[in-house]
Amino acid sequence: MSTPWGYLASVAVLPFLVVHGDHDTLVHRDDARRFAERPGVVSESTAAYAEPPGAHHGFDLFDSPRFTAVVNAVEVFAAEATAVRNRSC
């Protein structure tokens, strides 16, 4: 069976952002936190974790203030990760 843990080995050199709602009932937040820590362990790549309060699994399926905040955070993360990567080249 394929797992997110196996996927990490192939993307460990890429910047990595995990966004996980603190009210998710399908994936326990401790599992998400451990998963988010892993890229930083296997490489020097940028890895970050965000836990929107009150968010459930799939909170990003519908437009909402929380969804907009996450989209903005992803854009900031991507810009910063790209800038760091370009400086190191």
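Derivation of every value follows stated rules applied to the coordinates shown; laboratory data play no part. Everything quoted here is computed from the prediction, not taken from an experiment.
Under 5 Å between amide hydrogens, built in the peptide plane, is the criterion, and for D24 it picks out H57 among residues at least 5 positions away or on other chains. Here the 3J(HN,Hα) profile of region 58-70, calculated from phi with Karplus coefficients 6.51, -1.76 and 1.60 at θ = phi - 60°, is x, 4, 8, 6, 10, 5, 7, x, 5, 4, 4, 4, 5 Hz, Gly and Pro shown as x. Proximity of backbone amide H atoms, modeled 1.01 Å from N, is registered between A48 and F16, L17, V18 at under 5 Å, excluding neighbours fewer than 5 places apart on the same chain.
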